[in-house]
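K.L.:
Got a structure for you, written out below as structure tokens; questions coming shortly.
Throughout, read-outs are computed from the coordinates displayed, never taken from laboratory work. Please read these numbers as outputs of a predicted model, since none were measured by experiment. For neighbour counting, all protein chains shown are included, and Cβ atoms are generated from backbone atoms with ideal geometry for every residue, glycine included.
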Amino acid sequence: MNLDEQKAIWQAVERRAKIKGWDFSEIEGKWQDGDDLLPWDFAALVQQYRHDDQHLLDMDTGGGEFLLSLGHPFERTAATEGWAPNTALCSERLLPLGIDFREMRDPKAMPFADASFDLVLNRHGAYDAAELWRVLKPGGIFLTQQVGAENDRELVTRLLPDAEPPFPEQQLEIQLARFREAGFEILEKDEAYRPIRFYDTAALIWFTKVIEWEFTGFSVDRCFPQLVKTEAEIKEKGAVCGSIHRYYFAARKSSEK
């Protein structure tokens, strides 16, 4: 296969790269996501804090897949999402169940009354500490797992050498300081880096188009020389590697600031 033929194949992958909900089955078996290697299990953490009598909110719920896996009573469940393809999916999937789903694009303007929730979950979404204080009941808990500022940096700079981190303040200690300043008590926390591997260049291209906020400016045409080098490395070593950056914390709203 010559380079022009290879570019055409990769451009076809680029054009069809789309995601519905948070479904990566398109590249199943062609990559390894380090989320499975984290020293904590976020779903298990949620269940430690969750009780059926609580009013629960899942922020940036994606397609609701994780939320529905929790088994929380629908009548005490709310969810938000701001990405248009997923808001449509959530309206179809969650509203008929009786879940209070609302579109939300600005985490500083949550569409809920004061002191609405006992537990607010946020898995890889945006949030605002002051607004969370407002919507949580006294003693309510915010539990989040976040993608850190250094996530996938080796892969990003492999393809886009001059790219800057898109969210430089996504560091655990920076976020904890903001929550303490807002009046929260930090109950627990942890941070980890784990490997992410791609065994197929086309899978990496699909990933970059889906995670476009990390790989800003990527295109097969622009990054073709780097992709050719990546293909050669995969053929030689079997994979190209990077690292994911994750952290989590649980914060409780004190009865007084």
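K.L.:
For a footprinting-style exposure proxy, rank 124, 51 by other Cβ within 10 Å, fewest first. Could the numbers behind the result be given before it?
P.N.:
Working: 124 17, 51 11.
In order of increasing Cβ crowding within 10 Å: 51, 124.
K.L.:
Which aspartates and glutamates have a Cα lying under 14 Å from the Cα of residue 189, excluding residues fewer than 8 positions away in the same chain?
P.N.:
Hits, sequence-local ones excluded: 41, 173.
K.L.:
For residue 12 and residue 173 in one chain, what is 0.36 nm times their gap in residues minus the Cα-Cα distance, to one decimal in nm? All intermediate terms of the calculation are to be shown ahead of the outcome.
P.N.:
Details: separation 161, 0.36 × 161 = 57.96 nm, distance 4.16 nm.
Extra length from residue 12 to residue 173 when fully extended: 53.8 nm.
K.L.:
Shifting gears a bit: I want to check the label-to-label distance for residue 163 and residue 92. Put each point 7 Å from Cα in the C-beta direction and report it in nm to one decimal.
P.N.:
3.0
K.L.:
Using DSSP to define loop residues, name the chymotrypsin sites (Phe, Trp or Tyr not before Pro) in the stretch 38-80 whose beta-carbon has at most 16 other beta-carbon atoms within 10 Å. Walk me through the intermediate numbers first.
P.N.:
Values: sites: 40, 42, 49, 66, 74; in loops: 40.
Within the stretch 38-80, the qualifying chymotrypsin sites (Phe, Trp or Tyr not before Pro) (loop, at most 16 other Cβ atoms within 10 Å) are 40.
K.L.:
Sorted from fewest to most neighbouring beta carbons within 10 Å, what does the list 1, 110, 59 look like? Walk me through the intermediate numbers first.
P.N.:
Numbers: 1 7, 110 21, 59 24.
The fewest-first ordering by Cβ neighbours comes to 1, 110, 59.
K.L.:
Right, next: Could you tell me the distance between the Cα centroids of the stretch 203-218 and the stretch 6-77, to the nearest Å?
P.N.:
The two parts, judged by their Cα centres, are 17 Å apart.
K.L.:
For the stretch 87-191, rounded, prolate or oblate, judged on the Cα gyration tensor with a ≥ b ≥ c (square roots of eigenvalues), a/c < 1.5 rounded, else prolate if a/b > b/c? Before the final figure, lay out the partial values.
P.N.:
Details: a/c = 2.45, a/b = 1.32, b/c = 1.85.
The shape class here is oblate.
K.L.:
On to the next question. With n ≥ 4 as the cut-off for DSSP H runs, can you work out [θ] at 222 nm for the chain, using -39500 (n - 2.57) per run divided by the number of residues, rounded to the nearest 500?
P.N.:
Values: 9 runs with 86 residues, N = 257.
When only DSSP H runs of four or more count, the value is -9500 deg cm²/dmol.
K.L.:
For the stretch 1-110, how big is the tail of P(r) above 22 Å, as a whole percent of Cα pairs? Before the final figure, lay out each step's value.
P.N.:
Working: 2936 of 5995 pairs.
Roughly 49 percent, once rounded to a whole number.
K.L.:
Continuing with this model, one more query. Quick one: net charge around residue 81, please, counting Lys, Arg +1 and Asp, Glu -1 for every other residue with C-beta under 10 Å from its C-beta. Display every interim value, and only then the final one.
P.N.:
Numbers: positive: 102, 105; negative: 58, 60, 103.
Counting the neighbours of residue 81, the net charge comes to -1.
K.L.:
Measure nothing but the geometry: give the 0 to 90° angle between the long axis through the Cα atoms of 224-237 and the longest principal axis through the Cα atoms of the chain, rounded to 10°.
P.N.:
Orientation of helix 224-237: about 90 degrees from the principal axis.
K.L.:
Kindly express, to the nearest 10 degrees and within the range 0 to 90, the angle between helix 84-93's C-alpha long axis and the longest C-alpha principal axis of the chain.
P.N.:
60
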